Amino acid sequence: MKKKIFVVLLIFIFVILVFCCYKFFIPGNNKIVKDVNELDEYILNIKNYNLEAKITVNSNKNTNTYFLKESIQNGKQIQEIFGDNGEGIVLEYVEGNLTIKNTELKLSRIFDDYKNLLNNPIDFNSFIDDYKNDAKKEIKEKDNFYIISIKSKDLKNKYTTNKTLYFNRDENKFKRVEIKDINNNLRIIIEYSSFKLL
């Protein structure tokens, strides 16, 4: 009986240690951003990550909600976009080849020598590119957030001209991105439920 209690106690202690020390076991997720300069360095050094988010798209007539899973690791980029019913599309970009899969119809299509798969407004990597290329970016502190405002380098798309990233200082993580059109109307809201550096 004492052995069982001892084993259960050891398992319990192990589980608590894993949950308490989780962020220290995952590389990259233990960086504490203390000021604007560290935030700049943090964003510029993001290379590999996994994220999950809820996306709200406001068109002229209606509002739609989607769910996003995005991963960039060692040159392989995957973006999964799903509706409420779980059906959606998967975009995979590996070594210049793009594969688009429709999960509902079980169809896929491969494109060779395709550039800039994830150069779209919902891709976090495109935010990083715009951040690097915008010499007039603004970073403000408000409440518990660093608020980063940038202009998109793709000025042909008038619906995604302005991007604003909210970084929660207390939680030390990205919370959301708001994308506005050329007239400053809110078009897309991306709310991150999970963001892990790899």
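The values are calculated or read from the model by the stated rules, or taken from the named source; none is laboratory data. None of these values were measured; they are calculated from a predicted model. Don't worry about glycine lacking a Cβ; one is built from the backbone with ideal geometry, like all the others, and counts go over all protein chains shown. Heads up: the accessible areas ignore ligands, DNA and RNA and are worked out on the full protein's heavy atoms, side chains in. Shrake-Rupley method; radii C 1.70, N 1.55, O 1.52, S 1.80 Å.
For residue 188, the residues whose modelled amide H falls within less than 5 Å of its own, excluding neighbours fewer than 5 places apart on the same chain, are 58, 179.
DSSP loop GluC sites (Glu not before Pro) in the range 122-180 with at most 14 other Cβ atoms within 10 Å of their Cβ, which ones? Those that pass, being in a loop and sparsely packed, are 171.
How do 92, 87 stack up against each other in accessible area, from largest to smallest, with a 1.4 angstrom probe?
I get 87, 92, largest accessible area first.
Per-residue 3J(HN,Hα) values for the range 93-99, derived from phi via the Karplus relation 6.51 cos²θ - 1.76 cosθ + 1.60 with θ = phi - 60°, read 10, 9, 6, x, 9, 9, 10 Hz in sequence order (x marks Gly and Pro). You can think of it this way: the chain between residue 56 and residue 87 has 9.5 nm of extra reach, that is 0.36 nm per residue less the Cα-Cα gap. The modelled label-to-label distance between residue 44 and residue 135, using points 7 Å beyond Cα along the C-beta direction, is 1.6 nm.
Over 32 Å between C-alpha atoms is what I'm after, so list which of 34/61; 101/163; 4/173; 101/136; 34/153; 34/158 land there.
Violating the 32 Å limit, Cα to Cα: 34/61; 4/173; 101/136; 34/158.
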